[in-house]
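Below is one structure, written out as structure tokens, with a few remarks after it.
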Amino acid sequence: EDQVTQSPEALRLQEGESSSLNCSYTVSGLRGLFWYRQDPGKGPEFLFTLYSAGEEKEKERLKATLTKKESFLHITAPKPEDSATYLCAVYHTGNQFYFGTGTSLTVIP
Amino acid sequence: ETGVTQSPTHLIKTRGQQVTLRCSSQSGHNTVSWYQQALGQGPQFIFQYYREEENGRGNFPPRFSGLQFPNYSSELNVNALELDDSALYLCASSLEPGGDQPQHFGDGTRLSIL
């Protein structure tokens, strides 16, 4: 069964304390993996798309990487404004998008 | 550049009723996807429309149906509402279908079923 699993479910970090979020997937025929940020009461905001193993993308304090079975979102020296839920989604050959349940990140000043 | 807009923002219905949710896609985007997001969960793919035709569907019953108009705006219709349909309904648009283009989301319609 196609599946996207994110871990941890929740993460609390001190400001400046770097960490990584994980997204593992079991879909066949992966055509793209997406990272989104979602603030309370808002729709998801696009961060990155990754297409092939070994690919990396960066934006400010965030860096996304992709292997054949999982993706990591690395957060370097986070700030309180990075607090949000981070969602991972995969798109595969069945024309379907699968989202994980997200990691809720809280950055404490 | 206008982003994705959805209406209404909140809606309260009772079981058995029907509801129509509306979405205006981002300028230049011809593809619209709809998602259901329950509290504390990730969005679940309902279906996608590309050039007024359904272009992929998730595991939702036929009482969930949609339309896309020539201006690429879209509607989601849900018949015979059930309590479990209470959720945030998200619309996302993209330049083209498939995984080659990112999807840009609206802020959703919060639907509550009593």
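The values are calculated or read from the model by the stated rules, or taken from the named source; none is laboratory data. Just so it is clear, the model here is predicted, and its values are computed rather than measured. Heads up, the Cβs are rebuilt from the backbone with ideal geometry, glycines too, and the neighbour counts pull from every protein chain shown.
List of remarks:
- Scanning the stretch A:86-97 for residues that are surrounded by fewer than 22 Cβ atoms within 10 Å (Cβ to Cβ) and in a strand (DSSP E or B), we see that the one that is farthest from the other protein chains (Cβ to nearest Cβ) is A:H92.
- The lone criterion from (1) of a type in the set (D, E, K, R); (2) within 13 Å of the chain's Cα centre (by Cα); (3) within 17 Å of B:P97 (Cα to Cα) left unmet by B:E75 is number (3).
- When we screen A:S20, A:S104 for residues that are closer than 28 Å to B:G3 by Cα and either assigned to a loop (DSSP other than H, G, I, E, B) or not β-branched (V, I, T) (or both), the only hit is A:S104.
- Complete set of residues in the stretch B:64-91 that are among the aromatic types (F, W, Y), touching a residue at least 24 places away in the same chain (Cβ under 8 Å) and closer than 15 Å to B:S7 by Cβ: B:Y89
- Cβ-Cβ under 8 Å pairs, at least 6 apart or on other chains, the stretch B:100-114 side among the β-branched types (V, I, T), far side surrounded by 16 or more Cβ atoms within 10 Å (Cβ to Cβ): B:T109/B:Q6; B:T109/B:L21; B:T109/B:L88; B:T109/B:Y89; B:I113/B:K13; B:I113/B:L81; B:I113/B:D85; B:I113/B:S86
- The residues of the stretch B:40-70 that are within 11 Å of chain A (Cβ to nearest Cβ) and either of a type outside the set (S, T, N, Q) or within 10 Å of the chain's Cα centre (by Cα) (or both), listed by number, are B:G40, B:G42, B:P43, B:F45, B:I46, B:F47, B:Q48, B:Y50, B:E54, B:G56, B:R57, B:G58.
- Residues that are out of contact with any strand residue (DSSP E or B) (no Cβ under 8 Å at 6 or more places or on another chain), of a type in the set (D, E, K, R) and closer than 22 Å to B:S93 by Cβ, drawn from the stretch A:27-69: A:K42
- Consider the stretch A:1-30 and keep the residues that are modelled with pLDDT under 95 and surrounded by 17 or more Cβ atoms within 10 Å (Cβ to Cβ). The one that is farthest from B:G40 (Cα to Cα) is A:L30.
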